[in-house]
1. With θ set to phi - 60°, apply the Karplus curve 6.51 cos²θ - 1.76 cosθ + 1.60 along segment 229-242 and write out the HN-Hα couplings as whole Hz, x wherever there is a Gly or Pro.
2. Once R0 is set to 35 Å, what does the formula 1/(1 + (r/R0)^6) return for the Cβ-Cβ distance between ASP245 and ASP79, expressed as a FRET efficiency to the nearest 0.05?
3. Roughly how many nanometres apart are two label points built 7 Å out from the Cα toward the Cβ at ALA66 and ALA233?
4. Loop-only check: which trypsin sites (Lys or Arg not before Pro) in segment 112-197 are DSSP coil with at most 16 other Cβ within 10 angstrom?
5. Using mean Cβ contacts within 10 Å as the protection proxy, how do 77-84, 197-204 order, highest first?
6. What FRET efficiency comes out for the pair ALA35/SER145, r = Cβ-Cβ distance, R0 = 30 Å, nearest 0.05?
7. Estimate the FRET efficiency between TYR162 and ARG252 by the formula 1/(1 + (r/R0)^6), using the beta-carbon distance for r and 35 Å for R0, to the nearest 0.05.
8. Could you check the simple spin-label distance between GLU214 and ALA48, using points 7 Å along Cα→Cβ, in nm with one decimal?
Amino acid sequence: MPRCWIMKRSVRIVALAVALIATACSPELTMISDAEIATATEIGTQRADYFEGVRAEERLMAECMAERGYEYTPIPAEDLLVFTPDLPGYGMTQSLLDGVRGVDDEPPDPNIARLRKGERDGYIRAATACRDRVSNAIGGLLGTSAAVDARQLFDAAWEDFYRTPAYVAAVEDWSACMADRGFEFSELREPTLSIIDRLVALASSVDDVTLLDEGVVRSVLREELAVSDADRACRALHIDQLELDFKTRLFRSNPEAVAVLRSATRGESN
């Protein structure tokens, strides 16, 4: 099934708002290209849309902090987002390995570094309040009728697609392909769930005193790479083209819904 990009915003997972402020205007429609369809998520959004959404969030942070008497230089979106397709395997074990190595995935706030020590506590309190305010403002857009309707349209369409005989048969072919490569899975979600189970078991085996061994984490990463490589190869043979053909029909038939969700993800109001 289609895989959305998952974004890591500093140390927290952020689902950027995919909605528009309700207005009488609609987003300007443009014909979605074949290339855009190929790289789109299952709701039509693009990687660039999420970067623009973070830039919008950072601009709101700067405005809020200015109201509180602090200068806030927006942090580049490229420093705040990590897309799991850019990480090894499914992008799960690598994050744990970085933690074992002591790699901090939260970029330092350059705005704090330029303050005197006595000013930092006040800045941090203001930044915390502003971040809550900005998150609430953007998150509140999720409830707009245009965004809800668009998302429900796509969700229902994909669920219907997953039940089609052609897709069911394709999953069976994918399962046989995985078995040929030494992995027994019957559902497309099972490879990632198997790695999640391994990571949960690994995390539960340690405590504040017993630390994770990097070698053990690396062994799980090797397992994840083997599973994900087989998964991608079998998807390419049996699933990807079927999903791409469906995405093309879906997005070409519903350009308004695509425009609503893309525009909202970018933090735009119309």
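Values in this text are rule-based calculations from the coordinates and carry no lab data. Computed from a predicted structure; not experimentally measured. FYI the Cβ positions are ideal-geometry reconstructions off the backbone, even for glycines, and counts take in every protein chain you see.
1. 4, 5, 4, 5, 5, 6, 5, 4, 6, 10, 10, 4, 5, 4
2. The pair ASP245/ASP79 has a calculated efficiency of 0.45.
3. 5.5 nm
4. ARG114, ARG116, ARG163, ARG181, ARG189
5. Going by the mean number of other Cβ atoms within 10 Å, highest first, we get 77-84, 197-204.
6. Computed FRET efficiency for ALA35 and SER145 comes out at 0.45.
7. Working: r = 20 Å, r/R0 = 0.57.
Computed FRET efficiency for TYR162 and ARG252 comes out at 0.95.
8. 3.9 nm
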